[in-house]
Amino acid sequence: MHRLPDSHGGLSRPASLSRRWHIDVPLLLLLMLLSGVGLIVLYSAAGGEVHYVRRQAVFLALAFAVMLVAAQVPVDMYRRWSPWLYVGGCGLLVAVLFMGVGAKGAQRWLEIAGFRFQPSEALKLAVPLSVAAFLHSRPLPPSFLTVLGALAIAAVPSVLIVRQPDLGTAILIAASGLFALYLAGLSWKMIGGALVALVAASWPMWEWGLRDYQRQRILTLFNPDADRLGAGWNIFQSKAAIGSGGLYGKGYMQGTQSQLDFLPESHTDFIIAVLGEEWGLRGALLLLALYLLIVARGIYISFMAQDVFGRLLAGSITLTFFVYVFVNIGMVTGLLPVVGVPLPLVSHGGTSVVTLMAGFGILMAIGTERRRVSF
């Protein structure tokens with residue numbers, strides 16, 4: 001039986017269930033609460049259609065099971081597996097380019113035996129794992145050559161995903177690798193140089209790197225009223241929904257923009273506009289508080305990690321989760337271009353939910369690593 005040492009160094013009480021199963025209880029409770037709120041909001045966003053809620057509940061049950069399994073794996077094993085996960089994920093991305101299944105003008109899915117999945121989701125974990133493992137075996141702060149190697153690891157899958165095209169996911173995957181690099185002690189001189197290079201590359205990217213609809217999204221960001229019935233429709237309706245909710249909201253399932261189908265993608269990318277209209281600013285702030293508590297817990301786990309790999313990986317997973325939330329809310333409120341990023345654990349989705357919870361399972365594995373020794 002697993003036992004924990006008491007304050008005098010002896011063996012005292014049996015290890016609690018949460019410690020034996022490597023579960024971070026505060027993080028688990030926050031994730032369960034957020035998922036519950038998500039199902040409530042989704043029911044309204046889907047117009048009361050139970051099908052969406054039932055399907056999402058099944059995905060959440062699977063996701064929590066995956067999280068529990070991921071928490072049992074020793075952190076060192078993740079480090080050793082990272083190259084194989086990375087190569088396998090990139091191989092699937094290449095397969096998408098040749099035999100992928102298309103939908104809504106994009107080719108992002110693979111279908112095997114009737115099961116459709118999005119390989120890019122796996123890279124949301126494989127990239128931070130690989131970058132953290134790469135940096136773990138090298139002196140820190142990273143040298144220029146080490147930085148180039150880490151950037152290459154993040155760049156290869158990002159370029160492949162941009163080809164699908166899926167710019168939003170590509171940005172998130174690149175960010176997950178960059179966060180690990182930043183947490184490794186990247187010098188401000190290199191950060192400044194990267195920003196200068198980014199500015200210098202902005203015009204060539206605009207001319208040759210972006211598709212027409214991507215340019216239109218950026219132009220709509222700066223002037224959404226130019227085409228309210230066309231390119232600006234999504235942002236106009238989402239801002240109208242959020243603004244009409246006021247402080248206390250119109251009431252559950254009483255939102256006019258969402259219930260009358262003026263709000264597009266109300267059960268996926270724009271679901272927070274439904275919450276803002278029906279629950280008001282008060283409800284939106286409560287949701288944001290939940291997200292911030294989850295991020296705070298992730299940062300705490302990162303600080304308490306036992307080695308460099310654990311610290312870099314936990315910090316990268318946590319900051320990437322924060323970017324998920326920031327980008328979704330930013331695009332729905334008109335602060336960022338629309339890039340198709342769902343609101344974590346609230347928007348309707350399958351593969352993304354499972355991948356997200358697998359990341360939290362890894363986070364729990366890192367947080368409980370110091371308790372894995374059996375006495």
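The values are calculated or read from the model by the stated rules, or taken from the named source; none is laboratory data. All values reported here derive from a predicted model rather than from experimental measurement. Cβ sites come from the backbone with ideal geometry, for glycine too, and all protein chains shown count toward neighbours. Protein only, heavy atoms only, side chains kept; ligands, DNA and RNA dropped before computing areas. Shrake-Rupley method; radii C 1.70, N 1.55, O 1.52, S 1.80 Å.
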Single condition G230 does not satisfy, out of (1) part of a helix (DSSP H, G or I); (2) more than 27 Å from V94 (Cβ to Cβ); (3) more than 26 Å from the chain's Cα centre (by Cα); (4) not polar (S, T, N, Q): (1)
Selection count, segment 233-263, where residues are open to solvent by less than 10 Å² (accessible area, probe 1.4 Å), over 25 Å from S352 (Cβ atoms) and assigned to a loop (DSSP other than H, G, I, E, B): 0
Residue count for segment 1-39, restricted to those that are modelled with pLDDT under 95, open to solvent by 60 Å² or more (accessible area, probe 1.4 Å) and of a type in the set (A, V, I, L, M, F, W, C): 5
In segment 172-196, the residues that are closer than 13 Å to F321 by Cα and among the β-branched types (V, I, T): I173
Lone qualifier among G340, G334 - being in contact with a Gly (Cβ under 6 Å, 6 or more places away or on another chain) and at pLDDT below 90: G340
Count - residues of segment 264-282 that are open to solvent by 10 Å² or more (accessible area, probe 1.4 Å) and touching a Phe, Trp or Tyr at 6+ places or on another chain (Cβ under 9 Å): 5
A170 at pLDDT 80 or above, assigned to a helix (DSSP H, G or I) and surrounded by fewer than 21 Cβ atoms within 10 Å (Cβ to Cβ): no
Condition check for Q216: part of a helix (DSSP H, G or I), open to solvent by 50 Å² or more (accessible area, probe 1.4 Å) and among the polar types (S, T, N, Q): yes
Long-range neighbours under 6 Å by Cβ, at least six apart or interchain, first residue open to solvent by 70 Å² or more (accessible area, probe 1.4 Å) within segment 110-132, second at pLDDT below 85: E111/V101; R116/W109
Qualifying positions in segment 319-345 - more than 30 Å from D212 (Cα to Cα) and in contact with a Leu (Cβ under 7 Å, 6 or more places away or on another chain): L345
All positions within segment 173-213 that are buried (at least 18 other Cβ atoms within 10 Å of the Cβ) and assigned to a helix (DSSP H, G or I): I173, A174, A175, S176, G177, L178, F179, A180, L181, L183
Test result for L148, farther than 21 Å from G88 by Cα and at pLDDT 90 or above: yes
Test set (1) more than 30 Å from L293 (Cβ to Cβ); (2) open to solvent by 40 Å² or more (accessible area, probe 1.4 Å) - R54 fails condition number: (1)
